[in-house]
Amino acid sequence: MTSDEIAEVRRFNRLVLQVAGLRIERADPATPEARWCVAQYFGELDRRFEAGFDPGASLPAEDAELIPPKGAFLVASVDGHPVGSGAIKAIGPGVGSLKRMWVADAVRGLGVGRRILKALEDEARGLGLTTLRLETNDTLREAIHLYRTAGYREVSPFNSDPYARHWFEKVLN
């Protein structure tokens, strides 16, 4: 093994140990940590989408919709530093929408997204939601894989988000 490979293994091992201490907590979407996560999410979409991303053109998720009893905003952190986020908001009787799910590059592939998704599903159940829906874009292949392997099934379009190319739904048990 080269010294670069050894350094990479050590870095990966440190990340795994840090992620073992991952905390996922409900947060007010107006906090600096929540705002930072959403800014990172929007920035990533802008970089990855061929024509960029304009948050004003997408379906809204206002702060008041992301706090109980209408929804929830979660921030994932390691050692007090945000590394991911996600939100749910009620969109109809018993139906919620998954919004703003993001995971930092440094912890991708370590199960953080799956843990955030599970926590969001638990929050949804606590809010009395029985079905979760989401829309996503072709370029977010990691997200599409996560949703499919977490039991979300692709359905016909249920909204007109201009960036959406895939719509998913899951009935919560």
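Only the coordinates and a few stated rules stand behind these numbers; no lab work does. Only a predicted model underlies this, so the values are computations on that prediction, with no experimental measurement involved. All Cβ positions, even for glycine, are placed from backbone atoms using ideal geometry, and neighbour counts span all protein chains on display.
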Exercise. In nanometres, what is the gap between the two model label sites at Ala7 and Phe49, each 7 Å from Cα along Cα-to-Cβ?
Worked result: 3.7
Exercise. Once both axes come from the Cα atoms, what is the angle between helix 112-126 and the longest principal axis of the chain, in degrees from 0 to 90, rounded to 10?
Worked result: 30
Problem set entry | Whole-Å distance, taken between Cα centres, linking the range 119-173 and the range 45-62 | 17
Exercise. If each of Thr131 and Asn173 carries a label point 7 Å out from its Cα toward its Cβ, how far apart are those two points in nm?
Worked result: 1.9
Exercise. What share of the DSSP beta bridges in the range 23-171 is antiparallel, in percent to the nearest 5?
Worked result: 90
For this session: Would you kindly state the longest site-free stretch of the chain, with sites defined as GluC sites (Glu not before Pro) in a DSSP loop (not H, G, I, E, B) surrounded by at most 16 other Cβ atoms within 10 Å?
Result: 63-173
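Over the chain, what relative contact order in percent results from Cα pairs under 8 Å that are six or more residues apart? Walk me through the numbers on the way to the answer.
Numbers: 272 pairs, mean separation 32.5, N = 173.
Dividing the mean separation by the residue count of the chain yields 19 percent.
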Seminar exercise, completed: Tilt, helix 32-48 to longest principal axis of the chain (alpha-carbon atoms), in degrees rounded to tens, equals 90
Problem set entry | Where labels lie 7 Å past Cα in the beta-carbon direction, separation of Arg153 and Trp36 in nm | 4.1
For this session: Among Thr130, Trp167, Leu117, pick out the residue whose Cα is farthest towards the positive end of the charge dipole of the chain, where Lys and Arg carry +1 and Asp and Glu carry -1 on C-beta, about the Cα centre.
Result: Thr130
